[in-house]
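Heads up, the thing below is written out as structure tokens.
The values are calculated or read from the model by the stated rules, or taken from the named source; none is laboratory data. As the structure is a computational prediction, the values presented were derived from the model and not from experiment. Note that we place each Cβ from the backbone using ideal geometry, even for glycine, and neighbour counts take in every protein chain shown.
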Amino acid sequence: MIMKLFEKLLAIDRRIIFILIFLSVAIPLLFVIGFKIEVTPEVENVYELVDSAPKGSHVLISFDYGPSTKPEIQPMAEALIRHCFRNDYKVICTALWPMGVQMCMEAIDEVSPDFPNKKYGIDFVNLGYKAGGLVTINLMGRDFCSAFPTDAANTPIDELQIMDGIKNFKRLKFIIGLSAGAPGLKEWVQVGHDAYGIPLAGGSTAVQVPSLSPYVNAQKQLTGLLGGLKGAAEYEVLINHPGSATKGMDAQSIAHLVIIIFIIIGNIGYFVSKKNEKKIS
Amino acid sequence: MKRNLPLLITFLVGTLIIFAEFIPHKPFGNLSGGLETWFMIISGFAILLGQLNLIKVNTIKISRKAPNWQYYIICIVSFAAMVIAGILWGTRDQTGILKNSQGVVSWLGLKPFDYFFKYFFENLSATMFSLLAFFVASASYRAFRARSLESTLLLIAAVIVMLGRTTIGSWLTGWVPESLTYLHIPQVAQFVIKYFQTTGQRAIMICAGLGIVGSSVRIILGIERSYLGGK
């Protein structure tokens, strides 16, 4: 009887798994459960780095991702920009990915209504995209104007008030890299931090965390790291502004739980069938 | 000549960059800066080359009626639509050939390029990435088995990290007293990531770094020539 049940479960149609995953994501999105979000030290470090700069500091946020990873990284961008605006920093945005330009503007559009006094060219700027990855960062480090002679709207950066006195990385308080692959956070570590010594933190997709975690070390190559939707949700908790990441965490948690239940059922079935095979032989 | 000239350029540029790294004085310091600017110009042209290649590859497949050739038409049409929208009306920050696009903007709410990007490209890209969740669930159900000691360890670590990266992990072990916080699933997951995973990752990164140095030396010395088209 049990054997038959497990045989049936092991041969389950993949479409049933798909439906269950769909429901486990959709239902918590519609009916928010509100699980408690625990803040990890990596995220707290990013918060402290951002929070520790004096008013009026120039900071750089690099948008190195596209729409495919938007659900994970965009909440980080919005939370970080919100935190920077709240602390009256001057935010310089760049992109090592072509689609990063739009991602930046969408994040600013989302946050701006809460900060109506923030003006483009004075409090924030979108320098746009430049091909070259590692070399672009190196050029920026030596001379912003060589890498970005104009901003995304073709205005010469010399004419932008926000860029007054900002010739290279020297006067930046910190850099935040939001990355979904290459070029991205690794390149920022190699050049931005290691070559120019600028404090650096970042955010990435959850699948990228294992490859970036070695940089969160004693040398603080990365001061901290926001990993996936959970990292974004933790940051939203820290800035006390729950957003789409906090909402999405319930869905992600339930979906993970469903996958784990599937794995457990699969393994029980595997052991039962193995035991049965032994009995027969 | 066709092969020797690129080899010579590669050798000279590669050697110069290495020298410039160790001798930051004239003329090496300036040279490396100049070469970086060249790199960015070439990167810009590479994007153009990529676009031309996209048109060429898809056109060939359509003309030869390759399997599913209809999809290649959709690809070219979508590409053309984005390019034309960008050229004619520009993007949000930039003006196009038809400078005054008030009529279109009032009709669509956005400039056509931004409209396509926001309502087509963004959603399609996010959908493609989201589909992974379904395949991961199905694959892990069928393939994630405790067949050996190694796979069992991997399975246990994966379950701990998966739970630790969600709010369920803290919910499940929330009752554990303060003095035993190291037994909280998120803490255990953090321990696995910080020590076991990071150690392995460092080894991979060091080996990959050595591999990059090795292949760079081979390219500079002209031993590795695959970048010349496999000849």
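Specify which of the listed residues (B:Y182, B:Y227) is within 26 Å of A:G34 (Cα to Cα) and of a type in the set (F, W, Y).
Working: B:Y227 fails: within 26 Å of A:G34 (Cα to Cα).
None of the other options fit; the residue is B:Y182.
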Determine whether the stretch A:121-128 contains at least one residue that is crowded, with 20+ Cβ neighbours inside 10 Å, away from chain B (no Cβ under 11 Å) and within 14 Å of the chain's Cα centre (by Cα).
-> no
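Could you tell me whether A:G132 is assigned to a loop (DSSP other than H, G, I, E, B) and not hydroxyl-bearing (S, T, Y)? Lay out the reasoning, then the answer.
Values: assigned to a loop (DSSP other than H, G, I, E, B): yes; not hydroxyl-bearing (S, T, Y): yes.
Spelling it out, A:G132 is indeed assigned to a loop (DSSP other than H, G, I, E, B) and not hydroxyl-bearing (S, T, Y).
Residues are listed down the side, and each one gets a yes or a no for (1) under 30 Å from A:C104 (Cβ atoms); (2) at pLDDT below 90; (3) aliphatic (A, V, I, L, M); (4) surrounded by 13 or more Cβ atoms within 10 Å (Cβ to Cβ):
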residue: A:F18; (1), (2), (3), (4): no, no, no, yes
residue: A:I33; (1), (2), (3), (4): no, yes, yes, yes
residue: A:K36; (1), (2), (3), (4): no, yes, no, no
residue: A:L49; (1), (2), (3), (4): yes, no, yes, yes
residue: A:V59; (1), (2), (3), (4): yes, no, yes, yes
Mind checking whether some residue in the stretch A:219-228 is surrounded by fewer than 21 Cβ atoms within 10 Å (Cβ to Cβ) and at positive phi?
-> yes
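Tell me, yes or no, whether the stretch A:47-56 has at least one residue that is part of a helix (DSSP H, G or I), away from chain B (no Cβ under 12 Å) and among the charged types (D, E, K, R). Full working, then the answer.
Filtering the stretch A:47-56 for residues part of a helix (DSSP H, G or I) gives A:47-51.
Checking which are away from chain B (no Cβ under 12 Å) leaves us with A:47-51.
With the extra rule that they be among the charged types (D, E, K, R), the set shrinks to A:48, A:51.
Yes, there is a match, as at least one residue in the stretch A:47-56 is part of a helix (DSSP H, G or I), away from chain B (no Cβ under 12 Å) and among the charged types (D, E, K, R).
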May I ask you to verify whether B:L5 is surrounded by 12 or more Cβ atoms within 10 Å (Cβ to Cβ) and in a helix (DSSP H, G or I)?
-> no
Only one of A:Q102, A:Q74 that is crowded, with 19+ Cβ neighbours inside 10 Å, within 12 Å of chain B (Cβ to nearest Cβ), farther than 22 Å from A:S52 by Cα and modelled with pLDDT of 95 or more = A:Q74
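Taking B:F11, is it within 13 Å of another protein chain (Cβ to nearest Cβ), part of a helix (DSSP H, G or I) and not aliphatic (A, V, I, L, M)?
Details: within 13 Å of another protein chain (Cβ to nearest Cβ): no; part of a helix (DSSP H, G or I): yes; not aliphatic (A, V, I, L, M): yes.
For B:F11, the condition - within 13 Å of another protein chain (Cβ to nearest Cβ), part of a helix (DSSP H, G or I) and not aliphatic (A, V, I, L, M) - is not met.
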So B:V188, is it in contact with a Phe, Trp or Tyr (Cβ under 9 Å, 6 or more places away or on another chain), without any contact (Cβ under 8 Å) to a residue 40 or more places away in the chain and closer than 30 Å to A:S211 by Cβ = yes
Please go through the stretch A:235-281 and pick out each residue that is more than 8 Å from chain B (Cβ to nearest Cβ) and in contact with a Ser or Thr (Cβ under 6 Å, 6 or more places away or on another chain).
-> A:E236
Tally time: how many residues in the stretch B:89-117 are part of a helix (DSSP H, G or I) and either facing chain A (nearest Cβ under 8 Å) or loosely packed, with under 12 Cβ neighbours inside 10 Å (or both)?
-> 6
Just one of the numbered conditions (1) at pLDDT 90 or above; (2) more than 23 Å from the chain's Cα centre (by Cα); (3) farther than 20 Å from A:F124 by Cβ is not true of A:I12; which one?
-> (1)
Per-region count, the stretch A:83-129, residues in contact with a helix residue (DSSP H, G or I) (Cβ under 8 Å, 6 or more places away or on another chain) and in a strand (DSSP E or B) = 12
Identify, by number, the condition in (1) surrounded by fewer than 22 Cβ atoms within 10 Å (Cβ to Cβ); (2) farther than 23 Å from A:E38 by Cα that A:W188 doesn't meet.
-> (1)
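At positive phi and not hydrophobic (A, V, I, L, M, F, W, C): which single residue out of A:G165, A:G141 fits that description? Walk me through it before giving the result.
Numbers: A:G141 fails: at positive phi.
One residue alone meets the criteria, A:G165.
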Restricting the stretch B:141-170 to residues that are of a type in the set (G, A, S), in a helix (DSSP H, G or I) and modelled with pLDDT of 85 or more, the residue that is surrounded by the most Cβ atoms within 10 Å (Cβ to Cβ) | B:G164
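Suppose we filter the stretch B:194-231 for residues that are surrounded by 12 or more Cβ atoms within 10 Å (Cβ to Cβ), under 23 Å from the mean Cα position of the chain (by Cα) and within 30 Å of B:Y182 (Cα to Cα); how many remain?
Kept after step one, since they are surrounded by 12 or more Cβ atoms within 10 Å (Cβ to Cβ), are these residues of the stretch B:194-231: B:194, B:196-198, B:200-202, B:204-205, B:215-222, B:224-225, B:228.
So of that shortlist, the ones also under 23 Å from the mean Cα position of the chain (by Cα) come out as B:197-198, B:200-202, B:204-205, B:215-216.
With within 30 Å of B:Y182 (Cα to Cα) added as a condition, the list becomes B:197-198, B:200-202, B:204-205.
Residues in the stretch B:194-231 being surrounded by 12 or more Cβ atoms within 10 Å (Cβ to Cβ), under 23 Å from the mean Cα position of the chain (by Cα) and within 30 Å of B:Y182 (Cα to Cα): 7 in total.
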In the stretch B:19-43, how many residues are away from chain A (no Cβ under 12 Å) and surrounded by fewer than 15 Cβ atoms within 10 Å (Cβ to Cβ)?
-> 6
If you take the residues of the stretch A:142-183 that are within 23 Å of the chain's Cα centre (by Cα) and within 11 Å of another protein chain (Cβ to nearest Cβ), which of them is nearest to B:R92 (Cα to Cα)?
-> A:A152
Of the residues in the stretch A:1-16 that are part of a helix (DSSP H, G or I) and surrounded by 12 or more Cβ atoms within 10 Å (Cβ to Cβ), the one that is nearest to the other protein chains (Cβ to nearest Cβ) is A:R14
Of (1) under 16 Å from A:L29 (Cβ atoms); (2) within 11 Å of chain B (Cβ to nearest Cβ); (3) surrounded by fewer than 18 Cβ atoms within 10 Å (Cβ to Cβ), A:A195 satisfies all except one. Which?
-> (1)
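Examine the stretch A:193-210 for a residue that is part of a helix (DSSP H, G or I) and over 28 Å from B:A158 (Cβ atoms), and state whether such a residue exists. So that I can check it myself, show each step before the final result.
Narrowing the stretch A:193-210 to residues part of a helix (DSSP H, G or I): A:193, A:206-210.
Now narrow it down to the ones that are over 28 Å from B:A158 (Cβ atoms): A:193.
Yes, there is a match, as at least one residue in the stretch A:193-210 is part of a helix (DSSP H, G or I) and over 28 Å from B:A158 (Cβ atoms).
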